[in-house]
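Enquirer: Handing you a structure now.
The values are calculated or read from the model by the stated rules, or taken from the named source; none is laboratory data. Remember, predicted model here, so these are calculated numbers, not experimental data. Here Cβ is always computed from backbone atoms with ideal geometry, including for glycine, and neighbour counts include all displayed protein chains.
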Amino acid sequence: MDAEAEREFREFVAARSAALFRSAYLLTGHREAAEDLLQTVLAKVARRPGEGGPGRGALRPAGGGAHRGRPGPSAPTRRLEVVA
């Protein structure tokens, strides 16, 4: 990646990373998994100069199975006793 492309990529990441993180979180349901997904996608995009910046669509292929097998944020983890 040349200096100009790197500058543009850094500007894109600075401007869109919060929105992309929110999308990644909605896909995974977990903060850590969302961070991993976003970093993976941005690293892949950085290696492909000239294809433009990623939109939310870039998260879909990478995150397709990222959260499978993990309970969602509202899934119960254990049975609670009822106290009268």
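Enquirer: Could you tell me whether Ser17 is in contact with a Leu (Cβ under 8 Å, 6 or more places away or on another chain) and either closer than 22 Å to Arg7 by Cα or modelled with pLDDT under 90 (or both)?
Expert: Criteria met by Ser17.
Enquirer: Condition test on Ala34, is it modelled with pLDDT of 85 or more and within 12 Å of the chain's Cα centre (by Cα)?
Expert: yes
Enquirer: Of all residues in segment 22-31 being assigned to a helix (DSSP H, G or I) and surrounded by 17 or more Cβ atoms within 10 Å (Cβ to Cβ), which is nearest to the chain's Cα centre (by Cα)?
Expert: So the residue we want is Ala24.
For (1) among the hydroxyl-bearing types (Ser, Thr, Tyr); (2) within 15 Å of the chain's Cα centre (by Cα); (3) modelled with pLDDT under 70, each residue gets a yes or a no:
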position	(1), (2), (3)
Ala3	no, no, no
Leu38	no, yes, no
Leu59	no, yes, yes
Ala62	no, yes, yes
Pro73	no, no, yes
Arg79	no, no, yes
